[in-house]
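As structure tokens, the structure follows; a few thoughts come after it.
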Amino acid sequence: MISINWSTKVISISQSFLTWISPGQYELDVNAFRIALKEIEGADDGISFDDTHRHITQTTLSGVTYARQFEIINGYTVTFEDLGTPYTVTCIGANHNIADVKNINQVSLIIGNSAGLITANINGGTRFPTAAEIADAVWAKELT
């Protein structure tokens, strides 16, 4: 079960929503989590509140399929149900920021993100840095 406390912006994930893998090991299907959040947001109680997340579906470019992206936004945080015994949750099915917004308790999270190609931002641009620029930045950091 997924629930949202609209006043505190805490999204709660019960252990029963997770898939049991083995003792102390569970799995969170990030896309199923996203769909559950959308259902709550679309209900009468949730429609007037800020969106909980942003989603970009999987895309195919030149025959390569890139994973979906899921991001918790607008100040929401995520709490996994703490039953007093530590357990681990492995996230599957999307790149996400759940670890960045997770409230700390006895539940550990295995993220599973994969970056692929990234774009470096150099002085507000979108090109990759040269070897000389990287060396200069390292030396400048060393001197401070």
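Rule-based calculations on the coordinates, nothing more; no lab input. Owing to the predicted nature of the structure, the values given are computational and were not obtained by experimental measurement.
Structure above, values below:
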read-out	value
Relative contact order of segment 2-115, defined on C-alpha pairs under 8 angstrom at six or more residues apart (%)	27 percent
Theoretical ellipticity at 222 nm over the chain - DSSP helices of four or more residues, -39500 (n - 2.57) apiece, nearest 500	-6000 deg cm²/dmol
Extended-chain gain in nm, criterion 0.36 nm per residue less alpha-carbon gap, S12 and N105	32.3 nm
Helix 30-42 axis, angle to the chain major axis (alpha carbon atoms, nearest 10°)	60 degrees
Relative pair counts by distance (%), Cα atoms of the chain, 10 Å bins	10, 32, 27, 19, 11, 1
Percent of Cα-Cα distances greater than 15 Å, calculated over segment 16-100	65 percent
The chain: angle of helix 131-143 to the longest principal axis, Cα-based, in degrees nearest 10	80 degrees
